[in-house]
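Worksheet: one structure, shown below.
Nothing in this text is a laboratory measurement; each read-out follows from the coordinates by a stated rule. Bear in mind the structure is a predicted one, so any value in this text is a computation, not a measurement. All Cβ positions, glycine included, derive from the backbone under ideal geometry; neighbour counts span all protein chains shown.
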Amino acid sequence: MLSDADLERYARQVIMPHMGEDGQERLLAAKVLVVGAGGLGAPVILYLAAAGIGHITIIDDDKVSRTDLNRQIIYRDADIGIAKAQLAAQAAKAINPDIQVSHLVTRINKGNVKNFVAAHDVIVDCSDNADTRYLLGDCAHHQGRTLVFGGAVRMEGQLAVFQSSVAGHVGTACYRCVFPSMPDAKQAPGCSEAGILGAVTGIVGSLQALETIKLCMGQDSGLTGSLLLIEAGQTEFMKIATAPRKDCSCCGDDQADG
Ligand SMILES: [Zn+2]
């Protein structure tokens, strides 16, 4: 049952037929892991907290730099040198003191990824490196969890939802089906070499938050089995279908589904 304070806080979304009190209760019960509190993680964390996702875990091992401030809108000039995960958790709690927010100043690795992924309903990949992305992609598949992937560089963004081992969606593409091999640094330069505009990470992060909220409400995402490509220079959005690969080294025919 929602309290009177909850009904007031969430009044503008509970009134929508899509949401109702049932949908809000599902949001408050949901557990979401946000990996990365940078350009994508900033809008994701703020919107999830504002919408009333009841349990949010934030993982990031980085500290705020001056070069982050063009896009990582949680942070202020005075925050330079402070751990992002800590500040992001404070910001989420400042918006919504009624939710549980945990933070870890650490990095996802082979040793800890399984426990983190298994303990959450939805994993939001806001990371900035290929190693973390593949670890999360493979682990989400093997643990039967939903992965909301986002990426942005220069004026381009990408977004996808992976549910390759989630009931109702088994057999859709996993992360590795769509990105079978790890790109080298030349093929896929990061934001520090190629540049990034804050409003572009804002668009991608806001869409990641939206898909996460829909999924936590119990609705389907419009992006399971699809990849959304955003070209912000010409303001073009293109949604393409993704296909599972029989030879995928994560979910393919030869792989144990463990
Ligand atoms: Zn696959």
Nearby aspartates and glutamates by direct alpha-carbon distance to residue 246 (threshold 18 angstrom, same-chain neighbours under 8 apart not counted): 138, 254, 257
Packing-based exposure ordering (other Cβ within 10 Å, fewest first) of 162, 179, 149, 237: 237, 179, 149, 162
Counting only DSSP beta bridges with both partners in the chain, the antiparallel fraction in percent, to the nearest 5, comes to 50
Which whole-number percent is the relative contact order of segment 109-258 (Cα, under 8 Å, 6+ apart)? 25
Gained length - residue 66 relative to residue 155, 0.36 nm times residue gap less alpha-carbon distance: 30.0 nm
Distance-filtered residues of segment 154-171 - backbone nitrogen under 17 Å, label point 7 angstrom along residue 220 Cα→Cβ: 160-171
Given a Förster radius of 25 Å and the C-beta distance between residue 192 and residue 229 as r, what FRET efficiency does 1/(1 + (r/R0)^6) yield to the nearest 0.05? 0.65
Segment 1-147 shape via C-alpha gyration tensor axes, a/c threshold 1.5: oblate
Among 135, 92, 212, whose Cα sits farthest toward the positive end of the charge dipole of segment 4-241 (+1 at Cβ of Lys/Arg, -1 at Cβ of Asp/Glu, about the Cα centre)? 135
Expected unfolding gain across residue 118-residue 181 under the 0.36 nm per residue rule, minus the alpha-carbon gap, is 20.2 nm
Can you tell me, using C-alpha contacts under 8 Å and at least 6 residues apart, the relative contact order of the chain as a whole percent? 19
Let me know the charge dipole size of the chain about its Cα centre in debye, to the nearest 20, where only the beta-carbon of Lys, Arg (+1) and Asp, Glu (-1) is charged. 280
For the chain, what is the calculated [θ] at 222 nm in deg cm²/dmol (nearest 500), taking -39500 (n - 2.57) for each run of four or more DSSP H residues and dividing by its residue count? -10000 deg cm²/dmol
Suppose a student asked you for the relative contact order of segment 53-136, using Cα pairs under 8 Å spaced at least 6 residues apart; what percent would you report? 33
Order of 47, 175 from fewest to most other C-beta atoms within 10 Å? 47, 175
Could you pull out every one of the lysines with an alpha carbon less than 22 Å from that of residue 239, ignoring same-chain neighbours closer than 8 positions? 214
Within 10 Å of each residue's Cβ, count the other Cβ atoms and sort 238, 1 from fewest upward. 1, 238
